[in-house]
Amino acid sequence: MSKLTFSNALFEQIGGTNWQQRSEFIFASVISESHDAVNAESSPALEPAQAPIEDSFEEQSEPCISKGYSIVVLGAGLNEIWQNDAQPAWLLWQNIMQVFEWDEHQIVFFDTAHMVSEEVVFSTIEEIIDLGVDWALTMDEAHELSEQLQEGIQVISVPDMESMLSDPYAKQTFYHTVISIQNAH
C-alpha cells in the first residue's frame, strides 16, 4: 500500500499551517508570562507601553523582527480590546504575540477610530516618527493616518481583528505578511 503525501507548500496553499516546536520559544514563553505577571499591576490598562523590553535571550535560532524595538499597530477599535480578557480579539492578539515572540510592552497601538481631526493625526505621526520605527502594521488602510505615514515609513496592511476572528485565511494572511517583513529586514 503506497502512502500519498503532499508538499508543505501545497498544504499551506490550501490553508493548512505547518507548525514547528522550538525549545527556546517554550522557554521564552514561560519567562515572558512571568514577566507579564510581575508588570501587570504597574502598567496602565489602555495606554501603549513605549519602552523597549530588554531581551535576555542573546542567542536565538531565528532573529526576532522586533528584538528591542517598538511595534506600531494601527486600527479602529483597538482601545476596546487592548488588555481586555473578555474580548476574543485580545486573546487572539496574545496568541499572535506569542507566535512572533513579541512582548506586550513592545506594542504601541493607535486607535484610528478616535483620530477625527487633522491635528490629532499629525501629532500621532510625530509620535510614531519619534519611535524610530521602519514599518507599521495597519488594520485600517483607508484611514488618513495610514496614508500620511506612507510618506515616511513602510505601512503594511494586515487584516483587522474581526476578520481574523471569523476567517482562518485572514489569520494566515496576517502571519505570512509579518513573516515576509521578518525575512526582508
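The values are calculated or read from the model by the stated rules, or taken from the named source; none is laboratory data. Quick caveat: nothing in here was measured; it's all calculated off a predicted structure. Every residue, glycine as well, gets a Cβ built from its backbone with ideal geometry; the counts of neighbours run over all protein chains shown. Heavy atoms of the whole protein, side chains included, go into the accessibility calculation; ligands, DNA and RNA do not. Shrake-Rupley method; radii C 1.70, N 1.55, O 1.52, S 1.80 Å.
Quick one: would you say GLU151 is in a helix (DSSP H, G or I) and open to solvent by 60 Å² or more (accessible area, probe 1.4 Å)?
On the way: in a helix (DSSP H, G or I): no; open to solvent by 60 Å² or more (accessible area, probe 1.4 Å): yes.
So GLU151 fails the test.
Condition check: farther than 19 Å from GLN98 by Cα, open to solvent by less than 90 Å² (accessible area, probe 1.4 Å) and part of a helix (DSSP H, G or I). Does ILE129 satisfy that?
no
So, of the residues in segment 98-112 that are within 24 Å of ILE129 (Cβ to Cβ) and of a type in the set (A, V, I, L, M, F, W, C), which turns out to be surrounded by the most Cβ atoms within 10 Å (Cβ to Cβ)?
The extreme case among them is PHE110.
Since ILE96 meets every condition but one in (1) in contact (Cβ under 8 Å) with a residue 12 or more places away in the chain; (2) farther than 24 Å from THR173 by Cα; (3) assigned to a helix (DSSP H, G or I), which condition does it not meet?
In the conditions (1) in contact (Cβ under 8 Å) with a residue 12 or more places away in the chain; (2) farther than 24 Å from THR173 by Cα; (3) assigned to a helix (DSSP H, G or I), ILE96 misses (2) alone.
Restricting attention to segment 133-148, report how many residues are in a loop (DSSP other than H, G, I, E, B) and more than 12 Å from VAL108 (Cα to Cα).
Our first condition is that a residue be in a loop (DSSP other than H, G, I, E, B); within segment 133-148, this holds for 133-134, 139-143.
Next, from what is left, pick out any that are more than 12 Å from VAL108 (Cα to Cα): 134, 139-143.
Number satisfying all stated conditions: 6.
For residues that are open to solvent by 50 Å² or more (accessible area, probe 1.4 Å) and closer than 18 Å to PHE174 by Cα, tally how many sit in segment 78-93.
Residues that pass the stated criteria total 2.
Condition (residue is more than 17 Å from the chain's Cα centre (by Cα) and over 27 Å from PRO88 (Cβ atoms)) applied to segment 167-184: is it met by at least one residue?
Let us first name the residues in segment 167-184 that are more than 17 Å from the chain's Cα centre (by Cα), namely 167.
When the remaining residues are screened for being over 27 Å from PRO88 (Cβ atoms), the result is none.
No, segment 167-184 has no match at all.
If you go through segment 157-180 one residue at a time, how many are in contact with a strand residue (DSSP E or B) (Cβ under 9 Å, 6 or more places away or on another chain) and surrounded by 16 or more Cβ atoms within 10 Å (Cβ to Cβ)?
Narrowing segment 157-180 to residues in contact with a strand residue (DSSP E or B) (Cβ under 9 Å, 6 or more places away or on another chain): 157-158, 160-161, 174, 177-178, 180.
Adding the requirement that they be surrounded by 16 or more Cβ atoms within 10 Å (Cβ to Cβ) leaves 158, 160-161, 174, 178.
Total satisfying the criteria: 5.
Testing VAL121 on (1) over 13 Å from the mean Cα position of the chain (by Cα); (2) at pLDDT 55 or above; (3) exposed (fewer than 14 other Cβ atoms within 10 Å of the Cβ), one condition comes back false. Which one is that?
The single condition VAL121 does not satisfy is (3).
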